[in-house]
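Peer 1: Starting off with a structure, shown below.
Since every read-out is calculated from the coordinates, none of them should be taken as a lab result. No experiment lies behind these values; they were computed from the predicted model shown. In this analysis, Cβ positions are derived from the backbone assuming ideal geometry, glycine residues included, and neighbour counts consider all displayed protein chains.
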Amino acid sequence: MSVKIFVNLPVTDLAKSIEFFAALGFRHNPQFTDENATCIVFGDAVYAMLLTEPYFKTFTQKEIADTGKTVEAILALGVDSRAQVDEIADKALAAGGQPSKEPQDHGFMYSRGFTDLDGHVWELFWMDESAEG
C-alpha cells in the first residue's frame, strides 16, 4: 500500500507562509495554489496544505485552535543529518519562526523545535537508525 500525508493547516497570511517555507528550502506546488491555499512539498509523500483561515473553516465545524494558547499537533520531520536539523531550524528562526523548545541531544537522536508564523509547532529530528535501542 502506498500512503501520502497531506496535513492541512490554517494560516493568516498565505503569501508570507509560502515565503517562510521557501526560506527553509521547501517548495510549494503551484498546481495546488490559489488565493485560498498552497501545497508545501516536504518529500515524495509528505505535504502540508496551507489554507487561509476562512477557507480552512469550510472544512470543519470546530473552532480553529488558538496556537498562542494551545498546541493542536507537533509536526515532526525526519531529516538526513544532525547538520540538516540545525540548518533548517536556523533558517526557520531567521525567517521569523520562534524556538519551541531547547535542542534535544540523545546521542542516537537529535532534534530542534520551532513554531512557524502561525504558531504551528514543528520538530526537526535526525535519528541514527543503526543505533541499538
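Peer 1: Could you work out which residue, out of Thr52, Thr38, Thr60, moves most in a Gaussian network model of the chain, that is, has the largest mean-square fluctuation with Cα springs under 10 Å?
Peer 2: Maximum among the listed residues: Thr60.
Peer 1: Using the Cα centre of the chain as origin and beta-carbon charges of +1 (Lys, Arg) and -1 (Asp, Glu), tell me which of Met109, Gly43, His120 is placed farthest towards the positive end of the dipole.
Peer 2: Checking the options against the dipole of the chain, the answer is His120.
Peer 1: Just how far, in whole angstrom, is the stretch 80-96 from the stretch 19-75 if you go by their alpha carbon centroids?
Peer 2: Measuring centre to centre over Cα atoms gives 19 Å.
Peer 1: Further, regarding this structure: What's the magnitude of the charge dipole for the chain around its Cα centre, counting Lys and Arg as +1 and Asp and Glu as -1 at the beta-carbon? Answer in Debye, nearest 20.
Peer 2: Computed charge dipole of the chain: roughly 280 debye.
Peer 1: I've got another one for you. From the square roots a ≥ b ≥ c of the eigenvalues of the alpha-carbon gyration tensor of the stretch 2-115, which class results: rounded (a/c under 1.5), prolate (a/b over b/c), or oblate? Display every interim value, and only then the final one.
Peer 2: Values: a/c = 1.73, a/b = 1.47, b/c = 1.18.
Taking the square roots of the gyration eigenvalues as a ≥ b ≥ c, the stretch 2-115 is prolate.
Peer 1: What shape does the stretch 1-58 have by the C-alpha gyration tensor, where a ≥ b ≥ c are the square roots of the eigenvalues, rounded means a/c under 1.5, and otherwise prolate means a/b greater than b/c and oblate the rest? Working shown, then result.
Peer 2: Numbers: a/c = 2.08, a/b = 1.26, b/c = 1.65.
The shape class here is oblate.
Peer 1: Determine the percent antiparallel among the DSSP beta bridges restricted to the stretch 1-58, to the nearest 5.
Peer 2: Values: 9 of 16 bridges.
Of the beta bridges lying entirely in the stretch 1-58, close to 55 percent run antiparallel.
Peer 1: Take every DSSP beta bridge whose two residues both sit in the stretch 31-126, then give the antiparallel share in percent to the nearest 5. List each step's numbers first, then the result.
Peer 2: Numbers: 17 of 22 bridges.
That works out to approximately 75 percent antiparallel.
Peer 1: Here is a further query. Excluding Glu63 itself, calculate the net charge of residues whose Cβ lies under 14 Å from the Cβ of Glu63, where each Lys or Arg counts +1 and each Asp or Glu counts -1.
Peer 2: Working: positive: Lys57, Lys62, Lys69; negative: Glu53, Asp66, Glu72.
With Lys, Arg at +1 and Asp, Glu at -1, the neighbours total 0.
Peer 1: Mind telling me which of Lys62, Lys16, Lys91 comes out most flexible in a GNM of the chain, alpha-carbon contacts under 10 Å?
Peer 2: Lys62
Peer 1: Okay, moving on. Rounding to the nearest 10 and keeping the result within 0 to 90°, find how far the Cα-based axis of helix 82-94 lies from the longest principal axis of the chain.
Peer 2: It is inclined by approximately 40 degrees.
Peer 1: Would you mind telling me which residue in Asp80, Asp116, Asp44 has the biggest mean-square fluctuation in a Gaussian network model of the chain, where springs connect alpha carbons within a distance under 10 angstrom?
Peer 2: Asp44
Peer 1: May I ask you to derive the FRET efficiency for Lys62 and Ala94 from their Cβ-Cβ distance with R0 = 35 Å, giving the value to the nearest 0.05? Don't skip to the end; give the middle numbers.
Peer 2: Working: r = 33 Å, r/R0 = 0.96.
With a Förster radius of 35 Å, E is 0.55.
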